[in-house]
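Data first, discussion second: the structure below is written as structure tokens.
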Amino acid sequence: MNTIFKRTKILATLGPVTNNPESVKKLMQAGANGFRLNFSHGNYEERLEQVEWIRAASAELNRPVAILQDLQGPKIRLGALNDNNQPVKKGDEIVLDYAAEHNGLTMPVQYNLAEKVKVGEPIYLFDGKIRTTVIEIPSETAIKLRVENDGTLMSKKGINLPDTDFGGDILTPKDMADIEFGADKDFDYVALSFVQSEEDINNLRQILVGLGSTAHIIAKVETKAAIKPETLEAIVMASDGVMVARGDLAVEAGAEIVPIVQRQIISLCRKHGKLSIVATQMMASMVDAPEPTRAEVSDVATATIMGADTVMLSDETANGSYPIESVAAMRKTIMYTQENWEVDGSSDQIVSAEESRRNAIARAAVNIAQELNVTAIIAETKSGATAENIAAGRPHLPICAVTSSPRAAQQLALTYATRSFIRPDGDKAGLELAKELHAQRYFGEDGALTTVIVSGRQPGVTGGTDTLRVRIIE
């Protein structure tokens, strides 16, 4: 089994402790394949610097990497509280008012919830630590809640509304400003927070197209509405990838459902050839400790065995004391797992009526490559779709994607088992890449190199994949 490539990829979040070019390069060297820029924090000047650092390190290391713009979405928070806290007890009746300041049990909120919530709906404050129920809507800007457990509220802490229907209104004015800012910047992906239906994806896609953006859309699944069986598959099909946002999902729908939803999402993404990202607290202890816990190692290994395209680090690389070590530990776990255990094969079937020819060729490439024990699959691709469909079969060997599009090369940096190479279009681009890599002993082999090359008779044309060849290179 060839493990020269890390098949499950790593997405690292940049933050205060890694907000410098040296850290960006070290994260890449440790194993990061992409960077998440969290638009809930920071400013545009910082983002421009980070993009510049990432692309400079990418060029220096000769390794395409992906940049993901993560929109804040309607992450509703309390406003500023006096002395930064307010104790509450079970049975208290508190008021959240969009137009008020903190005064006893009346507290400000950064969103007009009176327009959305209904009496009887649950609302979880402080990221689930305080549970309440809506008992009244006393004004156009205020809601009254009954507290169900003792605790203390603090300024700017998150609020979850698992049963509230936002009616497709999930893009805030801040999100729209961030989308417009990013449309002509070098972002490969835009992550949409608190998705409730496929219409949220379609709406964002229209906005991006209108702004001239070529970024792909990642749907963050973190609401109860999104995980309904009839809704989840539609979200997967409408998006370019899905992030299992386990933190808010656990609060919104219950922690016990998260492992099953994670498996469902990875399976659906493999079925439809879409990117899957597993996120939140994968190595959370490494915010403060130099080594992960056994449970965290098991969590990463499990995602790898499921066939996740990408696993993500958040606070570990944004605010932690051991950001480089966190990436290295995650990479070590992935490499050992893929060397010693097979990926779950339950969803190897790639399904897409619109692209049946390309999918059939992708399936055939994976089957032939593994039956003949070839060294690598070479995929000629313009948009990246051919490589993505091959990766959906979860081959146990490297996929080398050759493309003339820097955007496609960067987006493929997060795709399972895929490493991309930017080369001019040509009718022998894949064969020439295979020869080049063999001459460099890229795969560590001294003898003949056997490859499966997937291509089209019209190089550089999107959707033209129609040819599969086995080539032995001396």
Quiz item: Regarding Glu316, is this residue more than 24 Å from Ile399 (Cβ to Cβ), at pLDDT 95 or above, crowded, with 24+ Cβ neighbours inside 10 Å and acidic (Asp, Glu)?
Solution: yes
Quiz item: Does any residue of the stretch 156-165 turn out to be crowded, with 16+ Cβ neighbours inside 10 Å, at pLDDT below 95 and of a type in the set (Gly, Ala, Ser)?
Solution: yes
Quiz prompt | Conditions (1) in contact (Cβ under 8 Å) with a residue 12 or more places away in the chain; (2) under 24 Å from Ser420 (Cβ atoms); number of the one not met by Pro16 | solution = (2)
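For the stretch 66-93, enumerate the residues that are touching a residue at least 60 places away in the same chain (Cβ under 8 Å) and polar (S, T, N, Q). Before you say what the answer is, go through the steps one by one.
Of the residues in the stretch 66-93, the ones touching a residue at least 60 places away in the same chain (Cβ under 8 Å) are 66-81, 84-90.
Listed by number, the residues that qualify are Gln69, Gln72, Asn84, Asn85, Gln86.
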Quiz item: For the stretch 417-455, which residues satisfy the criterion of being among the β-branched types (Val, Ile, Thr) and touching a helix residue (DSSP H, G or I) at 6+ places or on another chain (Cβ under 8 Å)?
Solution: Thr418, Ile422, Thr451, Val452, Ile453, Val454
Self-check item: the stretch 182-205, subset under 18 Å from Phe35 (Cα atoms) and aromatic (Phe, Trp, Tyr), residue nearest to the chain's Cα centre (by Cα)
Solution: Tyr189
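Among Ser213, Ser239, which is of a type outside the set (Val, Ile, Thr), crowded, with 23+ Cβ neighbours inside 10 Å and in contact with a strand residue (DSSP E or B) (Cβ under 8 Å, 6 or more places away or on another chain)?
Values: Ser213 fails: crowded, with 23+ Cβ neighbours inside 10 Å.
The unique qualifying residue is Ser239.
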Quiz item: Quick one: which of Ala80, Ala99, Ala56, Ala66 is small (Gly, Ala, Ser), closer than 27 Å to Ala177 by Cα and surrounded by 16 or more Cβ atoms within 10 Å (Cβ to Cβ)?
Solution: Ala66
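Among the residues of the stretch 136-146, is any in contact with a Pro (Cβ under 8 Å, 6 or more places away or on another chain), more than 20 Å from His41 (Cβ to Cβ) and at pLDDT 95 or above?
So in the stretch 136-146, the residues in contact with a Pro (Cβ under 8 Å, 6 or more places away or on another chain) come out as 144.
Keeping just the survivors that are more than 20 Å from His41 (Cβ to Cβ) gives 144.
Cutting the leftovers down to at pLDDT 95 or above gives us 144.
The answer is yes, given that some residue of the stretch 136-146 is in contact with a Pro (Cβ under 8 Å, 6 or more places away or on another chain), more than 20 Å from His41 (Cβ to Cβ) and at pLDDT 95 or above.
Test Ile10 against the stated conditions and say whether it is in contact (Cβ under 8 Å) with a residue 24 or more places away in the chain, in a helix (DSSP H, G or I) and under 18 Å from the mean Cα position of the chain (by Cα). Lay out the reasoning, then the answer.
Values: in contact (Cβ under 8 Å) with a residue 24 or more places away in the chain: yes; in a helix (DSSP H, G or I): no; under 18 Å from the mean Cα position of the chain (by Cα): yes.
No; evaluated as a whole, the condition is false for this residue.
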Practice problem: Return the only residue of Asp169, Asp127 being closer than 23 Å to Gln69 by Cα, touching a residue at least 12 places away in the same chain (Cβ under 8 Å) and touching a strand residue (DSSP E or B) at 6+ places or on another chain (Cβ under 9 Å). | Solution: Asp127
Quiz item: Taking Thr375 and the conditions (1) touching a Phe, Trp or Tyr at 6+ places or on another chain (Cβ under 8 Å); (2) modelled with pLDDT of 95 or more; (3) more than 14 Å from Arg7 (Cβ to Cβ), which numbered condition does it fall short on, given that it satisfies the others?
Solution: (2)
Practice problem: Determine the pairs where a residue that is farther than 21 Å from Glu436 by Cα, located within the stretch 409-421, has a partner that is part of a helix (DSSP H, G or I) with Cβ atoms under 8 Å apart, the partner being 6 or more residues away or on another chain. | Solution: Thr415/Ala387; Thr415/Glu388; Thr415/Ala391; Tyr416/Ala391
Self-check item: Single unsatisfied condition, Gln29 versus (1) in contact (Cβ under 8 Å) with a residue 40 or more places away in the chain; (2) closer than 30 Å to Ala417 by Cα
Solution: (1)
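Here's a check for you: in the stretch 150-189, which residue that is in a loop (DSSP other than H, G, I, E, B) and basic (Lys, Arg) is nearest to Leu414 (Cα to Cα)? Talk me through it step by step, then tell me what you get.
Keep residues of the stretch 150-189 that are in a loop (DSSP other than H, G, I, E, B), which gives 150, 155-157, 161-172, 183-188.
Subset that is basic (Lys, Arg): 156-157, 185.
Values: Lys156: 33, Lys157: 31, Lys185: 19 Å.
By that ranking, first place goes to Lys185.
Looking at Ile217, Ile179, which is the one that is within 28 Å of Ala114 (Cβ to Cβ) and either among the hydrophobic types (A, V, I, L, M, F, W, C) or in the same structural domain as Ser383 (by TED's automatic domain parsing) (or both)? It would help to see each step written out before you state the result.
Working: Ile217 fails: within 28 Å of Ala114 (Cβ to Cβ).
So the residue among Ile217, Ile179 that is within 28 Å of Ala114 (Cβ to Cβ) and either among the hydrophobic types (A, V, I, L, M, F, W, C) or in the same structural domain as Ser383 (by TED's automatic domain parsing) (or both) is Ile179.
The values are calculated or read from the model by the stated rules, or taken from the named source; none is laboratory data. Since we're looking at a predicted model, the values are computed, not measured. Quick reminder, even Gly has a Cβ in these numbers, built from the backbone with ideal geometry, and neighbours come from all protein chains shown.
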